[in-house]
Each structure stands twice: as C-alpha cells, then as structure tokens.
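The values are calculated or read from the model by the stated rules, or taken from the named source; none is laboratory data. Because the structure is predicted, anything quoted here is derived from the model rather than measured. Cβ: placed from backbone, ideal geometry, glycine included. Neighbour counts: every protein chain shown.
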Amino acid sequence: MSKEPTQTTGAHETFEGDYRPSVSAAAPVPTQISVNPTDIEFLMRLADALNTTLDLQTLLKRTADLVRAVIDYRIFAILLVNDRTNDLRMRFQIGHTAEAERMRVKMGQGIVGQVAQERRAILVNDVTKAENYINVNPQVRSELAVPLIVKNRLIGVIDIQSEQPIYFKTEHQRLLQLTATRIGQAIENARLYTRVARQAQTLEVLNEISREITSILDVSELLERIGQLLRRVIDYQMFSVWLVNERERILENQFGLRFGERFSPKETIPLDRGLVGAAIAEHRPIRVGDVRKDSRYHMVNPETRSEMAVPLIYKGKVIGVLDIEHTRSYYFNEDHERALTTLAGQIAISIENARLYQRVTQQEQRLEHDLEMAREVQLRLLPPVKPKHKLAEFSARFIPARTIGGDLYDLIQYDANRSAIVLGDVSGKAAPAALYAALVSGIMRSAAGQSLSPSAVLKILNDSLQERKVDSQYVVMLYSVWNDDNRTLQIANAGATQPIICRSGEVETIKAEGFPLGLFPNVEYEEFSISTQPGDSIVFFSDGITDAENDAEEMFGDERLKAIIKKNHQKSASKIADCILAEVGKFQRGREHFDDETLVVLKVL
C-alpha cells in the first residue's frame, strides 16, 4: 500500500516514513496540552475562520479545511450527538461511503462511541488489533478520534482515519485536541443561532397561519389547509384531525394525510383509546418518542414510530385532537410541541367558526361542497409531475366537460429509463364517472407500481373491475410504456381511441385494439412495440377531442387533428398540446363541451 502524502505545517516536524514499532492500540488524552508560538498563531487563524459564520454546514466545511491544515487526512468525519436518541450521527464527512454516513453510533460502540462515552481522545495505530473497531472500510488501518466538549457537555466527535498503519502521531493528537476545543464552541454557537432563528421563523409562520385559517369557513377546506400550512413548521409524514362526536362518545377522523396523500381510516376511536384519547383525558399534549414502548398506543398507521397528539380546546372543552406521526423514532421535540400547542388554540376557534357557518348554510352548500371535494379528489389522481428522460418529452392537458369528469390520464415513471403513459375514459359523466375513474386509477396505480408490461396491467385492471363489477360501468384505456434506452414504445389498448404518430411530417394512426375494461371476464390483451426516431411526435387523446362539435353540429374529427399535428410536428410536446386545444376551442366557438377533452403528447428528442 502506498504511503499517504508528507505533512508539514509551519514549525511542526515532517512525519514521512516515521513508523514507530510497538505502539499501543489506544493512546489516552494527555493531562496537559502544551501550546507553543506556532500553535498560538494557528489557533488565531482558526478563531478568525470559525467566528465569521454561524451557518452550521459552512462551519463544518471550514472545520474540515482547518483540520487538513494540521493533518493531511484522507478520511474525515464530524459526528454530533442527537440529544433525543443519545447516539452519534455523521453531519459532515469526506471519504466515507454512503453506508457509513447513514450509521448511527451508540455511546460506547466502536472507537468513536468509546471516545464519546469516555470523553477522551483515542489514537489507534492499527485498527485490526482493536477489538471494538467497526469495520466499515476494510482499507482503514489507523484512526484518531477526539471528543468535542463544550461547558463539560459532549456535543460530538471529530474522527480521522488513514489507510496506513501508525499514520497519526502524538503531535497530530495534541493539535487536534487544541482545534477541537475551539471547534466545539463554534458548532454550539451555530446550533444555538440556528435554533433561535428557527424559533423566530416558526413564530412568524404561526402568525401567518393563524391569520389565514380564520378566514376559512368550510371545515374540510380548513383542515386541508391546516395540513398544508403545518408542514411549514413540522416536517411530518402522517397528519390527521380527529373531532369529538359527543352523541356517540367517539372520535371521528375528519381529515388525514399519509405520505402526502389523503388518508381516511374507516374505524372510529373511543374517547379513551390511544394517545389521542390520552390527550383528551389529560387536556394536554402527548408526545411519545417510540410508540412501540407505550402501552397507550393504538395502531392506525403501522409505519409510525413517533407520535404527538395535541388536544383542540374551545371554551374549556376538548372538541378534537391534532395528531402527527413520523416513521423515525424520537422525531418530534419540544419545539414541535410548543409550536403545535400554540397553533391548536387558534385551530379550535377556526373549526368552531366553520362548523357554525356550515350549520347555517348546510343545505345551500351541500351539493357545491360535494362537487368541489370530488373535483379535488379527481385532480389529486392526476400526475403531479412529468417523467424526466433524456430522449423523450411529455406534455398533458385535461379539460373536464363539467365540474368533474370521467377522463383519466397518468404519467408514471417506472425507473430512470421507463415511464408509463396512461389515458382512459370512463362511461358516463359527472360524479358517477369521476368516482369510477378514481377506482380505476387506484387499481391501475397499484398495478403500475410493479413495473409491469402494458398488457399485464390491463389484464389486472380488467380482473379487478370484474371483482368489483358495477352495472353499466366500464372504462376504455390505452396503456403504453416508453423505454428511453432504445426509444421504443410498448402499447396495449383496451378499446380507447387509437393514438397518432407523426414522423418527418407524415401522420398515421397506430392500429391498436382491444376490449374495454370491466365488461368481460378473462380477457387477454395484445401488446406490440413501436421503434421511434428523433423528432417523432405521438399524440394520445380521448374521443372528447375528435367528437367536439361546432354550432353546425359538425365534429372536429381525425383529419383536422392530423392536420394540426402535421403542421406543428417540429414544435415541443407542450406547444403541440397547446396548438391542438387552441384549434379545438376555436372550432367549437365557445359552445358548451359535452365530453371531457384529454390529451398526452410524447416528443422523441
């Protein structure tokens, strides 16, 4: 193994080839740390560098540079103590693997854990002879770790490693200890500043949230907005609002988010069950670091590890509970609890105001509310982002004929090279069609998660809809998968409108056929592959495009659509989609749409 570079720092000696035999595995901290004039000069430079920033990451980066000025290391890490879990986590590193960076080191575990537990520096000349060494990098041979102690409190460890045995010297240890003292204080100052700044920002956000939610008089809208705004304060993974049903003495879930998606548990909860029940009974927040260790916990989300429940109190009476959860143990802290408790009082008032308003206008708003919620659900079924590929560009447009409609489309990225393009049309209109579309979309999303071929997905969908058969309901769907490696498109069709491809200005229909989904059992679907070329445009569309009518009751038709695609084939996918909808709108001349208009454009780059 080649030697690491020679290290020379001012008046310090050169350590090249200085391999001393029979050095003990661990060298304890000297009781006295001598300081020479060169050290004083270095410490002054150190203080100047550390005192010019209060940003923690910038500070850690400067620390790494400063330590390199003392020791020419290859592998470096700063691990800081997590006060909630009392373990060490890597906050900055150079030369470590991703696996090492994710490790959580317990007190006493390995050399770093031993340094933290014993609060003393340890120099190991040959880690292969150290019984407690954690062998993450088999190339490492020597290690030097120094604790970061501020006001007699351990805050972390600086750890450097070498691929050479007996690489670190006593002089290295002495200088690193001098450095650690200043670095530890600077890190603590930066953390304190970050916490104060975060608290000030949290108070500002809470003020903004309070002002905004007081103007919302619809309970559902209010709770959804609270869920969105609360994420600015606490990065939760699961959030729910439980309101008290006094007549039945139960808690009912009024709103829930689970990993960013709407989630509504079917069960209701007795007022004395779970951590939410404890928050009601004790009229105070309940914060649990590990729900598996709390006998009061009632499982709703199996992924939950930490949870915080805060009662909503209005005029001395608990009207509900805010409940947030996370998959990491001991995730929520005192700052989170303080922020949520501060907000809970205003939320309780806002909820009561909204309830009063709804009771007054309930009959008038019921239909409108139902339609708005259905549209919200439908829009959530649409893809939030488009797939990213080097050789393909996607664009999609959707115009429902009514407040809600029966068309659905999706763009699902399987992996870095493959994405599914889905376009379907449910029989019927308005709410029934939208609900059936939601059912279809949910089943399809579940199947697509397995990265299956188009024909396999359509078969699963058809079989599932047969199991949940609804009279007079079916769906036509085109399912295709783009492969960016070889510019191919796999296609399977279940009765949907056939897509159009334009190549070098020549336009033709892609002949793909099949039975609609949900009508017949045990259907097999054909699948074939299309090889594309750069510049090709493929347009997937619902029949609402070609069936659009003008005042003379003429249909827009395939020929007009092909002419538009041919005329604009050199444009981007987004421009092609815009041109098509603009021409359809001009053709209709403001006439009311009788069918949803949906299209997806794939442009080969």
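Values for this structure:
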item: Checking Leu382 against (1) touching a Gly at 6+ places or on another chain (Cβ under 8 Å); (2) more than 23 Å from Tyr525 (Cβ to Cβ), the condition it does not meet; result: (1)
item: Hits in segment 254-295 - residues which are of a type in the set (Lys, Arg), closer than 18 Å to Phe332 by Cα and either modelled with pLDDT of 90 or more or exposed (fewer than 13 other Cβ atoms within 10 Å of the Cβ) (or both); result: Arg284, Arg287, Arg292, Lys293
item: Flag if Ala512 is in contact (Cβ under 8 Å) with a residue 24 or more places away in the chain, assigned to a loop (DSSP other than H, G, I, E, B) and of a type in the set (A, V, I, L, M); result: yes
item: Whichever residue in segment 225-249 is within 16 Å of Arg355 (Cα to Cα) and in contact (Cβ under 8 Å) with a residue 60 or more places away in the chain and, among such residues, is farthest from the chain's Cα centre (by Cα); result: Val244
item: Some residue of segment 547-565 being within 34 Å of the chain's Cα centre (by Cα), over 28 Å from Gly428 (Cβ atoms) and exposed (fewer than 15 other Cβ atoms within 10 Å of the Cβ); result: no
item: Residues of segment 582-602 satisfying the condition of being of a type in the set (A, V, I, L, M, F, W, C) and surrounded by fewer than 16 Cβ atoms within 10 Å (Cβ to Cβ); result: Ala582, Phe594
item: Residue check for Glu252: charged (D, E, K, R) and touching a residue at least 24 places away in the same chain (Cβ under 8 Å); result: no
item: Residue check for Leu343: at pLDDT 90 or above, assigned by TED's automatic domain parsing to the domain that holds Ile250, surrounded by 19 or more Cβ atoms within 10 Å (Cβ to Cβ) and of a type outside the set (Ser, Thr, Tyr); result: no
item: Flag for Leu154 being touching a His at 6+ places or on another chain (Cβ under 8 Å), assigned by TED's automatic domain parsing to the domain that holds Ala98 and either at pLDDT 90 or above or not aliphatic (A, V, I, L, M) (or both); result: no
item: Whichever residue in segment 574-605 is part of a loop (DSSP other than H, G, I, E, B) and within 19 Å of Ser395 (Cβ to Cβ) and, among such residues, is modelled with the lowest pLDDT; result: Asp596
item: Lys571 being in a loop (DSSP other than H, G, I, E, B) and basic (Lys, Arg); result: yes
item: Qualifying residue in segment 448-463 (condition: of a type in the set (Asp, Glu) and either more than 19 Å from Glu526 (Cβ to Cβ) or in contact with a strand residue (DSSP E or B) (Cβ under 6 Å, 6 or more places away or on another chain) (or both)); result: no
item: Segment 132-145, residues that are in a loop (DSSP other than H, G, I, E, B) and within 16 Å of Val105 (Cα to Cα); result: Asn132, Tyr133, Ile134, Asn135, Val136, Asn137
